[in-house]
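Visitor: One structure, as structure tokens, below. Some questions next.
The values are calculated or read from the model by the stated rules, or taken from the named source; none is laboratory data. Being a predicted model, the structure only gives us computed values, none of them experimental. Virtual Cβ from ideal backbone geometry, glycine too; neighbours counted across all protein chains shown. Just so you know, the surface numbers come from the protein's heavy atoms only, side chains and all, with ligands and any DNA or RNA stripped out. Shrake-Rupley method; radii C 1.70, N 1.55, O 1.52, S 1.80 Å.
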Amino acid sequence: MKSLLTYLPLLGALALASCSTTSQVSLDYTSGPGHVKPGTPEFSTRLFNDQRGLGPMDLGTVRTQIGTPVEYVQTRVPVSEVVTNAFGYGLQARGMLNRPRTARYIITGDIMDLYCQMLVRPYGYARIRVTVLDAASGQIIHSKVYTGERGSSVYVPGSGSPVPLLRDLVSGALQDAVDRSLDDPALRNKLGAPVMRDRFREEPTDYGPTITI
């Protein structure tokens, strides 16, 4: 007969798992005018596809040092909306956002990774395939994968919930991916070439409310 000591680690892990909680967070996009490259208002967005193979609002997990999950992190709305809104806000910050019916280009794509995690070191990561379409023809003008990652020093148990830190890290990772794509010289150069069509485009007068993610 095995002693009770044999089962103590397993019992402790099960107890932690049974006490795990779920926290919902909102991500932030905070690029100011000094950190972005202004452009022309010729873009709208289309919903990004979530290809992560996770739940639509799953974002990350806080684990003990032996890997036991103690807290799950989720977004308040589906990740596909979070990423689409982030690109909309990035376009708006650059003066590049337009209404869908008058936009010359559409930005959409695939969310390959977006998550935060903490085992020992808090970490946030984003990997997104950004696709730019010609609004009139649907032709792909540009498609490229952009990444962002943020990390922090080792978390000290007992110093408070790590969830706010994880939220900031994954927000920063997503923002980096958005900024790198919208400011990519290769993308800007492609969009500088004329599109072969005759189409009237009126200048936007109202972008609507500020986009939050």
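Visitor: Scan the stretch 97-117 for residues that are more than 10 Å from the chain's Cα centre (by Cα), among the aliphatic types (A, V, I, L, M) and open to solvent by less than 10 Å² (accessible area, probe 1.4 Å) and report the count.
Guide: 2
Visitor: Among what's in the stretch 127-140 and is under 17 Å from LEU91 (Cα atoms) and not basic (Lys, Arg), pick the residue that is surrounded by the most Cβ atoms within 10 Å (Cβ to Cβ).
Guide: Top of the filtered list is ILE128.
Visitor: Got a number for residues in the stretch 137-152 being in contact (Cβ under 8 Å) with a residue 40 or more places away in the chain and over 15 Å from THR45 (Cβ atoms)?
Guide: Residues that pass the stated criteria total 2.
Visitor: Test each condition in (1) surrounded by fewer than 16 Cβ atoms within 10 Å (Cβ to Cβ); (2) closer than 18 Å to GLN175 by Cβ for GLY39 and report the one that comes out false.
Guide: In the conditions (1) surrounded by fewer than 16 Cβ atoms within 10 Å (Cβ to Cβ); (2) closer than 18 Å to GLN175 by Cβ, GLY39 misses (1) alone.
Visitor: Hey, among the residues in the stretch 49-96 that are touching a Gly at 6+ places or on another chain (Cβ under 6 Å) and under 30 Å from ARG188 (Cα atoms), which one's surrounded by the fewest Cβ atoms within 10 Å (Cβ to Cβ)?
Guide: Taking the candidates together, the pick is ARG94.
Visitor: Does the stretch 22-44 hold any residues that are of a type in the set (Val, Ile, Thr), at pLDDT 90 or above and over 16 Å from GLY60 (Cα atoms), and which are they?
Guide: Matches in the stretch 22-44: THR40 only.
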